[in-house]
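Comments concern the structure below.
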Amino acid sequence: MKRTISAILAIIMLFSCSVFAQEEHLQVTLLQDHTAEQTSAGGYVTPSAHVLPRQTLLKGYSSYPETYDSRDSGLISAVADQESTDLCWAFTQTAVAEAYVAKAQEAQVDYSENHIKFSTSNTGGNSLGHLRGANEGGNEYISLAYLARGNGFVLESDDPFSAESSSRAIALTDQRYAQGDLEHMKIIEEASVEEAKELIMEYGAAGASMYFDIACFSGRNAYCYSASSVELQPANHMITLIGWDDHYSKDHFNPQMSPKNDGAFIAKNSWGKAFGEQGYFYISYEDAWVLSSVFATAYSTEEAPYNGIRQYDYYGVNGTLGAESDTLVYAAAYDTQDAALLEGIGTYIMNPGTRVEVYVNPYNGSCTDAAKFRRVYTGTFEEGGYYRIPLDTQVPFYGSRFAVAVKIYATAGLPNQTYVPLQLQSGLTGQCEFYADTFYLGTDLSDMESMETIDAELKSYKGALCLKAFTRSDLSVSAENGTVRKEDGAYRVVLAQDTASSALHIRRNGQELPFYINDLCTQVKNDGKVQEGGTYYFKAEDGTHARYSITVERSTLSNQCELLAFGNALWNEEAGAYIANIAADSALIPEASVSAGASFALYALPEAVGRIGKSITPNLYSTRLQLRVTAEDGFTARDYPLVIYRAPGTLPELRDWDAVSDWA
């Protein structure tokens, strides 16, 4: 017999209670919409959806040191300055991820907040941006959506921060691609001090929110906002927790907001080094907001194991579907396009401790054909948040459509209650689209119904399941004199400004495929080149009848990539290089002036290999480097030799540098 579930659609506000319908038939009720959500002073927007608090204690470190500071292990990147913007949330996200990369991968990275702010804003025609100005507020869920959909991170050197850049063409954001892979982002609501400590120790740092009022700040660079003495104000700022001191005296805090007990977290701010102790301060364990929601981001600098994402939830989770059932299945159908196999899935865990089973139908994309599904993953997630889940085995596709189903089980702490993540159109997400016959729900794979059948309101809310499919394709398309972008199943070649044509290579399993000048794919383009303004076609040659179009255009972006000045280095005409003379024990943090829109990065010689970032440490002595300036179009670049000379006194004769001009 078909089992019916009783469910509630809830966009759950922070600290709100879960409500479940009592009728036997499925009933959906929209409790609250975040169209009323406002950016608070300081830049933190209260999320409209959140994971549930944990019902059991974290498992991990059984005891913690009385003091801890991630700076002692070299895990914390330099203090940044958000300047006049409301981008504390973006700076917190990059700081947390940079700490994790330093701890887990022993690498120093500097991620771009500029790229986050434009990718999550609708300025410049970005259809996937939230309805927020580029310099306006946000929260951890907005930056999470940016990461989960594959936009970022990109390096700071590829998209430097500027508080003045409040608008730019979306092409300037799109051309910069993610350099790594989001593995997961854990979120703990109503955390304990111990849970926050565990995140800091495991990930190097944790993000947190607070309400900042200068009246709560003491001369000892200590902060505590107490809800007991004033009317509680919503959080308006985000910070990065990097350590703690259990014995930090309660007497160090402002007497009007003094906590009852000793103990404070060490926090990194994003207001520059002039704030607090070189950009850091202490915030009491008893602060009203600091433990309300803490998160940590696991981001890998390695190449992702997938090269395609099938998704409908570009804006991320902002609603929750709750059901009075011990099990709940949610499923979505996708087009295979050029993908060959499924590598993993991505979804949000709304209830910590949830057991998850993943099923795939690789044959026909039906979410109601239970016999076609096979289980490919089983696991339990002790913390809420977002997870990219690799499958136990990669699943090849056998048709033009496939389906993914996730079965979740109620936790011991909340029996007969299950929760599904949703994206809903709101006053912050922008225009969403509803996909009919795409999303399905049930208590079992044999009991699935479409969302619009369950309740028509889900269609009017433009509801989409937060469920991503990570795929791999053995198909590659590349242009010798341009960049190739895939958009909605079609390909677009953007040629460099100084060229009107390019050789094009289409390969599957290492074999070169022809492309055609007609949509029936009968007239081969024999010279292997594409021209500006042309449209071409090719066949997938993967056992299906899929065909793809290729449009070609010339870049309209500036190809200027001139270095105007570089820190204290001086241009030497005879050497054909910039030469910098700095103290032997000093670090060089280069500041370059380049053409408008261009970016720069330093490399080890020769031929711009071995990116070394934007900081030269004191232990890098007299050496030769290469400075590459890249234009806005992403593929026009110019190289400048750079000589670093570390010694007091006079520079050596140029001949001692082994004919610098030879490697210019």
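The values are calculated or read from the model by the stated rules, or taken from the named source; none is laboratory data. Note that the coordinates shown come from a computational prediction; the quantities given were computed from them, not determined experimentally. Virtual Cβ from ideal backbone geometry, glycine too; neighbours counted across all protein chains shown. Heavy atoms of the whole protein, side chains included, go into the accessibility calculation; ligands, DNA and RNA do not. Shrake-Rupley method; radii C 1.70, N 1.55, O 1.52, S 1.80 Å.
Among the chymotrypsin sites (Phe, Trp or Tyr not before Pro) within region 59-149, which fall in a DSSP loop and have no more than 13 other Cβ atoms within 10 Å of their own Cβ?
Details: sites: TYR61, TYR68, TRP89, PHE91, TYR100, TYR111, PHE118, TYR141, TYR146; in loops: TYR61.
Passing both the DSSP loop test and the Cβ count: TYR61.
Going from most exposed to least, what order do THR173, THR380 have by accessible area with a 1.4 Å probe?
On the way: THR173 10, THR380 75 Å².
Ranked list, largest accessible area first: THR380, THR173.
With +1 assigned to the C-beta of every Lys and Arg and -1 to the C-beta of every Asp and Glu, and no other charges, what is the dipole magnitude of region 260-379 about the Cα centre in debye, to the nearest 20?
The dipole magnitude comes to about 60 debye.
Starting from a Cα-only point model with no solvent, please compute log10 I(q)/I(0) by Debye for region 314-383 at q = 0.11, 0.18, 0.19, 0.27 1/Å.
-0.34, -0.91, -1.00, -1.45
Please state the charge dipole magnitude for region 240-311, taken about the Cα centre, from unit charges on C-beta atoms (+1 on K and R, -1 on D and E), reported in debye and rounded to the nearest 20. Display every interim value, and only then the final one.
Values: 5 positive and 9 negative charges, 52 e Å.
Charge dipole, region 240-311, about its Cα centre: 260 debye, nearest 20.
What residue among ALA479, PHE439, GLN417 has its Cα farthest toward the positive end of the dipole of region 405-536, where the charges are +1 on Lys, Arg and -1 on Asp, Glu, each on the Cβ?
ALA479
In square nanometres, what is one fourth of the surface area of the convex hull spanned by the alpha carbons of region 211-366?
So the mean shadow area of the Cα hull is 14.4 nm².
D for region 113-162, whole µm²/s, Stokes-Einstein with Kirkwood Rh over alpha-carbon pairs at 20 °C and 1.002 mPa s: what number?
On the way: Rh = 10.9 Å.
Roughly 197 µm²/s, to the nearest whole number.
Over region 336-377, give the accessible area per residue in Å² for a 1.4 Å probe, as an integer. Could the numbers behind the result be given before it?
Values: 1240 Å² over 42 residues.
I get 30 Å² per residue for region 336-377.
So, with a 1.4 angstrom probe, what is the percent of accessible area on region 332-463 that is carbon and sulfur? List each step's numbers first, then the result.
On the way: 2020 of 4570 Å².
C and S atoms contribute 44 percent here.
Tell me, what is the per residue accessible area of region 392-466 in Å², probe radius 1.4 Å? Could the numbers behind the result be given before it?
On the way: 2830 Å² over 75 residues.
That works out to 38 Å² for each residue.
In whole Å, what are the extents of region 134-292 along the principal axes defined by its C-alpha atoms, from largest to smallest?
Computed over region 134-292, the largest-to-smallest principal extents equal 52, 33, 29 Å.
Sorted from largest down, give the three principal axis spans of the alpha carbons of region 346-467, whole angstrom values.
Ordered largest first, region 346-467 gives principal extents of 40, 39, 25 Å.
Do any GluC sites (Glu not before Pro) in region 300-369 lie in a DSSP loop with no more than 12 other beta carbon atoms within 10 Å, and if so, which? If you can, show how the numbers build up before the last one.
Values: sites: GLU302, GLU303, GLU324, GLU343, GLU357; in loops: GLU302, GLU303, GLU324.
Of the GluC sites (Glu not before Pro), the ones in loops of region 300-369 whose Cβ has at most 12 other Cβ atoms within 10 Å are GLU302, GLU303.
Equivalent-ellipsoid semi-axes (√(5λ), Cα gyration tensor) for region 58-109, whole Å, largest first? Walk me through the numbers on the way to the answer.
On the way: eigenvalues 123, 39, 27 Å².
They are 25, 14, 12 Å, listed from largest to smallest.
Given LYS372/LYS407; LYS103/LYS197; LYS103/LYS186; LYS117/LYS186; LYS197/LYS268; LYS486/LYS539, which pairs have Cα atoms separated by over 18 Å? Numbers along the way, then the final one.
On the way: LYS372/LYS407 15 Å; LYS103/LYS197 15 Å; LYS103/LYS186 16 Å; LYS117/LYS186 22 Å; LYS197/LYS268 15 Å; LYS486/LYS539 15 Å.
Exceeds cut-off: LYS117/LYS186.
With a 1.4 Å probe and every protein chain kept in, tell me what percent of the accessible surface of region 68-220 is carbon plus sulfur.
Working: 2170 of 4750 Å².
Percent of accessible area from carbon and sulfur atoms in region 68-220: 46.
Checking a compactness column here: for region 385-534, what do you get for Rg(Cα) / (2.2 N^0.38 Å), N being the number of residues?
Working: Rg = 21.9 Å, N = 150, 2.2 N^0.38 = 14.8 Å.
It is 1.49.
For region 74-173, what is the accessible area per residue in Å², given a 1.4 Å probe and the full set of protein chains? Don't skip to the answer; put the middle values down first.
On the way: 2850 Å² over 100 residues.
Normalised by residue count, the accessible surface of region 74-173 is 29 Å².
In debye, nearest 20, what is the charge dipole magnitude of region 168-311 about its Cα centre with +1 on Lys and Arg Cβ and -1 on Asp and Glu Cβ, if you could check?
Details: 10 positive and 20 negative charges, 113 e Å.
Result for region 168-311 is approximately 540 debye, rounded to the nearest 20.
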